[in-house]
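Trainee: Pasting a structure here, questions to come.
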Amino acid sequence: MAITWIVILCTCFSLCNGFLQSTQDSGCGTVTASAGNPYRFASKNPATVAPVYMDWEVKSYSNPLLAELKDSSLVIAAPADMVANFNLVNSTNISNISGNGERYLLQSIQIRKPGQTAEGLGQALNHELEVVLVHKEITGTGYYANVIVPFEVGVDPGFQILAPLLNEAELPQNVGEIKPVLVTNTLPLDLAAVFENASFQEFWSTVETSCQDKTAGSRFIMRNATLMTSKDIMGRLLSVLKWAEESPALKAPTPTWLMGACSRGRTCKLFTSQDLDDVYNKAKNESSSSYDKLLAAKTAMDDALVPLIGNESKSTNDSNSSSIYNSSNTSTGITNADYDNAVAARETLRNAEAAYLEAAQLTKDFEVQINASKRSTWDSDKPASANSSNTTAASLSSTAASRSSSSSTVGASSLLGTADCTTGGLTALDADLAKDAEHVDASKAGTSEAVLFWRLSSNPLPAAEAAAAETAAETPLLHLANLGNKLRISMADQGKPFIVLYVHGQELPASYADVTVPALHAKDGKRPAAEIQIVHVPSSGRAVAVGLQLDEVDGDGNTFLDSLLQGLPGSGEVGEVHGADPMTLHGALGRGVAGRYFRYHGLLEGLPCGVLWHILEERGRISSQQLVELHKVMQPPGTPSNVRGPTALRISMLAKDETKVEAVSMSSKVRLQRPREAKVEPITPSAASPNLKSLLLSLPRQQRAQETGMAL
């Protein structure tokens, strides 16, 4: 039975604030790992057997999950209430064991295409898809374990692992898009088939993590047999991944370790390593014997060719005059017996060559495996243990402080609600987002980390009034103040916010927005063409700002900036214009939500208590012509300005002509600005017809935040 979207939204949002936040606090709180590089599946080495088993526990799961399409994979976060874990234990009689050795908990399910292999190499296991179960070690080592499962299409796949995820689900199609999966209760997700009666190859590698692009050690545990899925399921997943980044399949290190798996509560025995000396000696003898047979076959081939050499057939157009198959042919001296003998000798030589090459390769393989087992020690390539304190937000703050005494990365628990003015920080011009800021991804950290954008403030309104207020907010009357090195935008009606931010659980009306060309903030030393800073200034304490960076484009530019250019004041002057909808400033504002951004504590001119910056990762756009117009009346940020600030600027409206605005500068120069005309149809409560949009606006903000949680 299909589940309606309203049920999916409600169910998934209840999970968002739970399991997504539990799997990763943004930055370096609880760190998540990637699936890592793809590797070619290795052949088993019976001489290198791991001294541990995977003591696993998996239970079926039926609640909806969230799937996000990344650049190279489809990532499904594992909720906190999903039972999927394993311990590495070294007992030869594993029974009801828990808590021994390393303990790994499932973090995510990542579905990707296999790595590309060079022509002639191939894979030990042919497969079309890989499912990577990313596990986090939970005793504080900082390690991960990625269980890699190959999938291919089977005629009769039987019970499928992938089918429940896709059943009646709409998969994300664009990178960054999130959709619910596992949306029906009829088919639960059961990962037990990954481990049941399976063996694996294990080795160490590294994976990228969410902690500022740091890497961590990870066990790569590759299943020795493929699992099957249907053609339809495979086709749907490969279609989603058709634009995914492709990487070459790396050669697995030597040796890999054969590892077994045992369901928790059962009695199992460890694999035992095989002494390869006997089989190696047999292989050597077989190789030597095959070589002797090859030499004999070569001699026989040479002998068979003697009657044929120099006795080429003298063929004519007469088919009866030149056949070497004619036993009575005396002109060439070649008989059918000669020819048949040569053909048989050729086949014998080919077979002898194939047998020798196979025996020689087997001998070489055994030699490599024996040498690997003799020189290798279990976990000798294990990377140094990561201190658990290194993955805490406090440690990250300390690390950031060591890079810059005036900058620190922050945790969400202490972001807002403080009136402390002692916190320092970098100026926006001095900060580099790549090294001085924490990267936040709300799809992993939880919807509470998302930044939301609204047009109106929090007071619930009747539906008709909400509709009228919404329409008026789409063409706001704006106050512009050119401060020399920035253009400040605020509402002409000082009682109304420019827009409303919802940050870290708090609704924050924007006091103003500043436009700078080029951007205030750099990343890796590069500044975008422009930046808009939306700032909330509280009555006391730290301000909060959201930065929107804009890239220069040809052709159509920024709709909102177009409306400002119609009445752009000169340096030290002010003006008023009917602006375009503020939600056209940037794509994130249009959607109402931003889930990825850079965050840090910094300084901002005129704000003594500092500011908590949120610089969106997604870029907006500004046209070349718009940049030219802004550069005509503005200096770059950081340029000294003799403008004393926005409070020194005053404006008076000409009541006789509402299309004209008198802008009075401090030097008493007067400019007349003609803003773009915007016709606003007055909406009265009696004329307004409530719709879904206005009803949503009339809801309390906390409820609206929850209802937009799926938009990340």
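The values are calculated or read from the model by the stated rules, or taken from the named source; none is laboratory data. Note that the structure is predicted; figures quoted are calculated from it, not measured. Because the Cβ atoms are built from the backbone with ideal geometry, glycine has one as well, and the counts that use them run over all protein chains shown. Side chains are part of the model used for accessible areas, which takes the heavy atoms of the whole protein and leaves out ligands, DNA and RNA. Shrake-Rupley method; radii C 1.70, N 1.55, O 1.52, S 1.80 Å.
Trainee: Between K242 and D551, what is the label-to-label distance in nm when each label sits 7 Å out along the Cα-to-Cβ direction?
Mentor: 2.4 nm
Trainee: Could you pull the accessible area for L456 with a 1.4 Å probe, rounded to 10 Å²?
Mentor: 30 Å²
Trainee: Let me ask something else about it. So how much slack lies between E367 and T267, counting 0.36 nm per residue of separation and subtracting their Cα-Cα distance, in nm?
Mentor: Details: separation 100, 0.36 × 100 = 36.00 nm, distance 3.43 nm.
Result for the pair: 32.6 nm of gain on full extension.
Trainee: How high is the FRET efficiency from L565 to R619, r the C-beta distance, R0 25 Å, rounded to 0.05?
Mentor: Approximately 0.80, to the nearest 0.05.
Trainee: Find, among the trypsin sites (Lys or Arg not before Pro) in region 222-265, those assigned to loop by DSSP (not H, G, I, E, B) with at most 14 other beta-carbon atoms within 10 angstrom. Kindly include the intermediate steps, with their values, before the conclusion.
Mentor: On the way: sites: R223, K231, R236, K242, K251, R264; in loops: K242, K251, R264.
Sparse-neighbourhood loop trypsin sites (Lys or Arg not before Pro): K242, K251.
Trainee: How many nm separate the modelled label positions at Q116 and I138, each set 7 Å beyond the Cα in the direction of the Cβ?
Mentor: Between Q116 and I138, the label points sit 4.0 nm apart.
Trainee: Then there's this: Pull out the extension gain between L607 and A193, defined as 0.36 nm times the separation in residues minus the alpha carbon to alpha carbon distance; nm, one decimal.
Mentor: Once the chain is fully extended between L607 and A193, it gains 143.2 nm.
Trainee: Please report the accessible area of T139 (heavy atoms, 1.4 Å probe, ligands and nucleic acids excluded) in Å², nearest 10.
Mentor: For T139, solvent-accessible area is about 80 Å².
Trainee: Let me ask something additional. What GluC sites (Glu not before Pro) in region 228-315 are in a loop by DSSP, with at most 12 other Cβ atoms within 10 Å of the Cβ?
Mentor: Answer in residue order: E245, E312.
Trainee: Right, something else. Provide the gained length on full extension for the span S289 to E629, in nm with one decimal, where the gain is 0.36 nm per separating residue minus the Cα-Cα distance.
Mentor: Gain on stretching S289 to E629: 113.8 nm.
Trainee: Find out how many positive minus negative residues lie around V147, taking Lys and Arg as positive, Asp and Glu as negative, among other residues whose Cβ is under 11 Å from that of V147.
Mentor: On the way: positive: R219, R223; negative: E130, E202.
After counting each charged neighbour, the total is 0.
Trainee: Select from region 197-267 those chymotrypsin sites (Phe, Trp or Tyr not before Pro) which occupy a DSSP coil region and have at most 13 other Cβ atoms within 10 Å, ordered by residue number.
Mentor: Qualifying residues, ordered by number: W243.
Trainee: Follow-up question, since we're still on this one. Using label points projected 7 Å from each Cα along Cα→Cβ, tell me how many nm separate Q173 and N336, to one decimal.
Mentor: Once both label points are built, they end up 6.8 nm from each other.
Trainee: Along the Cα-to-Cβ line of D278, 7 Å from the Cα, sits a label point; which residues in region 360-377 have backbone N less than 20 Å from it?
Mentor: It comes to 362-371, 373-374, nothing else.
Trainee: Measuring from a point 7 Å past the Cα of A163 along Cα-to-C-beta, which residues in region 174-197 have an amide N at less than 11 Å?
Mentor: 187-188
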